[in-house]
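To keep things clear, I will list the structure first and then write my remarks on it.
The values are calculated or read from the model by the stated rules, or taken from the named source; none is laboratory data. Predicted model only: the values in this text are computed from it and were never measured. Note: accessible area is taken over every heavy atom of the protein model, side chains too, but ligands, DNA and RNA are not part of it. Shrake-Rupley method; radii C 1.70, N 1.55, O 1.52, S 1.80 Å.
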Amino acid sequence: MYDVSNLDRDGNVIQQGGPVYKANAVFHTDSSFNDLPTKWSLLSGRQVPPEGGETQFIDTRAVWDQLPQAMKARAQGAVALHNFWKSRSEAGMSNITDEMRRAMPPARQPMVRTSASGRTALVIGSHAESIEGWPDDQARAFLREINAFAAQPPFVYTHRWRNGDLVIWDNRCTLHRAPEFSSKYVRDMRRTTINESGPEAGLDRSVPGARRRRSGRRRGSLVDCRAKIVLL
């Protein structure tokens, strides 16, 4: 379980604008930079702002269905490297050391995967920094293009929180983000994540030469990608 609130240990509201807030304001998939990325995420709204503080979601299966054929052809079979430090540096974090990069090296993720339900989904988002075998400039341009396509308004669901809401989503077919909001309000949230495991992982995601890291999170069992969001 993760405390993703905007409160410090003394219960004071943390001012917006830091790298963590800026990174979370861009569409991403939880932990795609890990060898075993997150399967399910559960986000609980303990105390939410009266205005602002929404979470936005994109169903990448719907994006794939509408993706132009030329873009599908380029994405099919491509493997992207997802890097935690890429999204953090873009958000303004400047004190990233070589030791930090070695401790959290990039992970390989297929850009296109088939869910257990049989629908095709895209694995994209702000952590993707390059594509194996592609020149860097072409890879960055294509990643910007496909992420921008996915972020079009028809694909975006905005969840406006109420106290006590619990939102569950499948990271294997979902992008999400938390747009910046006023720092005068408390946004007390908790997130629980479940990792992929076994045959569903389907790809050696370790980068050659990089030290593999183990996740301390409990791994989940194989489940279908049936729904984008479940509200309880």
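Annotations
- Carbon and sulfur %, accessible surface of the range 115-181 computed with the full protein complex present, 1.4 Å: 48 percent
- Derived scalar couplings between HN and Hα for the range 98-104 equal 4, 5, 5, 5, 5, 6, 10 Hz in order, rounded to whole Hz, by the Karplus curve 6.51 cos²θ - 1.76 cosθ + 1.60 (θ = phi - 60°), x for Gly and Pro.
- Heavy-atom surface of the range 1-113, accessible at 1.4 Å and reported per residue (Å²): 47 Å²
- Most to least accessible of 184, 39 (protein chains only, probe 1.4 Å): 184, 39
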